[in-house]
Amino acid sequence: DTEVTQTPKHLVMGMTNKKSLKCEQHMGHRAMYWYKQKAKKPPELMFVYSYEKLSINESVPSRFSPECPNSSLLNLHLHALQPEDSALYLCASSQDRFGPQHFGDGTRLSIL
Amino acid sequence: DQQVKQNSPSLSVQEGRISILNCDYTNSMFDYFLWYKKYPAEGPTFLISISSIKDKNEDGRFTVFLNKSAKHLSLHIVPSQPGDSAVYFCAANYMNRDDKIIFGKGTRLHILP
C-alpha cells in the first residue's frame, strides 16, 4: 500500500474538458510534487510545493494548474489538454524539500 | 543532455545470484543519490540513498556503492528474489540546495527462476 494516494487511477477526457487530479498524504510531509511520466521514460518534474507555496514550476504550460489547499492535499487542474499530454501523472511527497520522495501510484491520463 | 545515465536498459539475473545495476552521472555538483524501484501500474518506491560523504550504504539485501572520482554508483541486490523483477531508477540531486531530482532512464531487472 502506498502512503501517497492519488485519484482517479485512470482518466479519459476530451480536449475541451476540465478535470482535476488529486493527491493526498498524511505523513506530515511539507513538500509535494507533480511529475509526468511518458512510457519507457523517467519521471519529469512539473511542480514543487514547499510549505504549501509553489517553489518550482518547470516551465509547464498553463493548461496545467496546480493547487495546494493544505499541507496534505495537492491538486492538478487540467483544461484544454492536448493529445501529447496523455501520460502517467505521479504525485510525490517528502518530509522537507531535500528528503527522499515517496510516490503515489499515479493517474493514467488519456486525452482523446 | 542526460545528467544521470543508466546505460543498460535491461538485465537478467538468476534467482539467488547477485544483481548489479549501474549508474553514471556527469554533474560533479550532485551530492545525494537515490535508487527507486517501480512495478508496472505503481509509482516509484524509494529503496536506498547515499550522500557523497560516504562510499557505501547498506540496507538488508540492498547495498549502494558510490565512486565519486568515476562519477559512478551501483546498486547490489543479494540474493536476488523473484519480487525484485521491476524497473530500477537511479536519481541524483544537490542535497540542501535543490529539491529537483534528476532521474536516469531506468533499468528493467528480470529475475530468472
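Throughout, read-outs are computed from the coordinates displayed, never taken from laboratory work. None of these values were measured; they are calculated from a predicted model. Cβ: placed from backbone, ideal geometry, glycine included. Neighbour counts: every protein chain shown.
Just name the residue that is nearest to the other protein chains (Cβ to nearest Cβ) out of those in segment A:85-112 that are out of contact with any Lys or Arg (no Cβ under 9 Å at 6 or more places or on another chain) and loosely packed, with under 15 Cβ neighbours inside 10 Å.
Taking segment A:85-112 as the starting set, the residues that turn out to be out of contact with any Lys or Arg (no Cβ under 9 Å at 6 or more places or on another chain) are A:92, A:99-102, A:104, A:110-112.
Among the residues that remain, those that are also loosely packed, with under 15 Cβ neighbours inside 10 Å are: A:110, A:112.
Numbers: A:Ser110: 15, A:Leu112: 21 Å.
Only one residue fits best here, namely A:Ser110.
(1) assigned to a strand (DSSP E or B); (2) crowded, with 17+ Cβ neighbours inside 10 Å: which one isn't true of A:Pro42, the others all being true?
The number of the failed condition is (1).
For residues that are part of a loop (DSSP other than H, G, I, E, B) and either in contact with a Lys or Arg (Cβ under 6 Å, 6 or more places away or on another chain) or surrounded by fewer than 16 Cβ atoms within 10 Å (Cβ to Cβ) (or both), tally how many sit in segment A:1-29.
Just the residues of segment A:1-29 that are part of a loop (DSSP other than H, G, I, E, B), to begin with: A:1-3, A:8-9, A:14-17, A:26-29.
Going one step further and asking which of them are either in contact with a Lys or Arg (Cβ under 6 Å, 6 or more places away or on another chain) or surrounded by fewer than 16 Cβ atoms within 10 Å (Cβ to Cβ) (or both), we end up with A:1-3, A:8-9, A:14-17, A:26-28.
Within segment A:1-29, residues that are part of a loop (DSSP other than H, G, I, E, B) and either in contact with a Lys or Arg (Cβ under 6 Å, 6 or more places away or on another chain) or surrounded by fewer than 16 Cβ atoms within 10 Å (Cβ to Cβ) (or both) number 12.
Quick check on this structure: which one of B:Ile102, B:Ile111 is facing chain A (nearest Cβ under 10 Å), closer than 28 Å to A:Arg108 by Cα, among the β-branched types (Val, Ile, Thr) and surrounded by 18 or more Cβ atoms within 10 Å (Cβ to Cβ)?
Working: B:Ile111 fails: facing chain A (nearest Cβ under 10 Å).
On inspection, the qualifying residue turns out to be B:Ile102.
Has segment B:68-75 got at least one residue that is over 28 Å from A:Ser50 (Cβ atoms), under 11 Å from the mean Cα position of the chain (by Cα), within 14 Å of another protein chain (Cβ to nearest Cβ) and buried (at least 20 other Cβ atoms within 10 Å of the Cβ)?
no
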